[in-house]
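The values are calculated or read from the model by the stated rules, or taken from the named source; none is laboratory data. No experiment lies behind these values; they were computed from the predicted model shown. Because the Cβ atoms are built from the backbone with ideal geometry, glycine has one as well, and the counts that use them run over all protein chains shown.
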Amino acid sequence: MTSDKGGADLAGAISRSPWFEGLPEKAHRRLVEAASVHHYQKSAYLYTIGEAGKDVYCILSGRVRLLLSSTVGQEYAVRDLEPEMWLGEQFIAHDFPTMIDARVLKRTTVAVIPRAVVLAIGDEHPLMYKNIFTHHMKRSRGIWRLLAGMAFYPLRSRLAGRLLALTEEHGLVSADGVSIDINMSQTDFAQLSLGSRQRVNKILSEWRESGVLDVQSNHYVIRNMDALREELELKDDD
């Protein structure tokens, strides 16, 4: 990891942040001045389970995955975070150790702001706490949907749901279908859908053979969106 001071990109990310919306420009400048910009290589961690963090983070470029991990090495991806997404709000709320890993998926640049500075600005501008609470509750809705999928839906449905969500976030429409404009491996999908790589590979192969999707160098093209949506209701018989 390397670090330096932020510039225009950092100032823009803070001004557009849902956390700091409605705060005066002076507060935004204080955040910029307090921030440092860190560069992480693939597979590094912003923080890991058990840490009591002292900073909050804004992704300026790259991608970070939030993961739940077991003591025997199992991993479940809660979600992937993209540029101008913020994380570390749990460190603002309390000093308890975090229950989640934040792992870098590719070279990533992150703005790091000390928790103490954020708290001081929040004390002066309580609107910040309302903003963070609202943003956190919106993000929690997605987590509850994931938990429902884990509890009640088969792997085929969970995998279809993840693919459909990725088309909404990263989909590019073309004559061939809807391509997912990020690199995703079968291991990524196994983590995202809480299934083994072997079972995920089997389902993807079936969808490829039936014309639902195509895979080209870890990039996925959904050729039949309606068929993929129908998979949300199928029972898991593999």
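Taking ASP55, is it of a type in the set (Asp, Glu), at pLDDT 95 or above and in the same structural domain as ASP101 (by TED's automatic domain parsing)?
Yes.
I'm trying to understand the selection: among the residues of the stretch 33-52, which are out of contact with any Gly (no Cβ under 6 Å at 6 or more places or on another chain) and either under 18 Å from GLU89 (Cα atoms) or not assigned by TED's automatic domain parsing to the domain that holds ARG115 (or both)?
ALA34, SER36, TYR45, LEU46, THR48, ILE49, GLY50, GLU51, ALA52, listed by residue number.
Return yes or no: is LEU172 without any contact (Cβ under 8 Å) to a residue 24 or more places away in the chain and either surrounded by 15 or more Cβ atoms within 10 Å (Cβ to Cβ) or not in a helix (DSSP H, G or I) (or both)?
yes
How about the stretch 190-216: which of its residues are of a type in the set (Ser, Thr, Tyr) and either in a helix (DSSP H, G or I) or touching a residue at least 24 places away in the same chain (Cβ under 8 Å) (or both)?
Correct list: SER193, SER205.
I need the strands (runs of 3 or more DSSP E) fully contained in the stretch 1-120, keeping only those with at least 1 residues that are of a type in the set (D, E, K, R).
Hits in the stretch 1-120: 2-4, 55-61, 64-69, 75-81, 101-104.
Matching residues to (1) free of Cβ contacts under 8 Å to residues at least 40 places away in the same chain; (2) under 28 Å from TRP144 (Cα atoms); (3) within 15 Å of the chain's Cα centre (by Cα):
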residue: TYR45; (1), (2), (3): no, yes, yes
residue: LEU67; (1), (2), (3): no, yes, yes
residue: GLY73; (1), (2), (3): yes, yes, no
residue: MET99; (1), (2), (3): no, yes, no
residue: LYS106; (1), (2), (3): no, yes, yes
residue: VAL110; (1), (2), (3): no, yes, yes
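Residue check, LEU87 against (1) surrounded by fewer than 18 Cβ atoms within 10 Å (Cβ to Cβ); (2) of a type outside the set (Gly, Ala, Ser); (3) on the phi < 0 side of the Ramachandran plot; (4) within 15 Å of the chain's Cα centre (by Cα), all met but one. Which one?
LEU87 satisfies every listed condition except (1).
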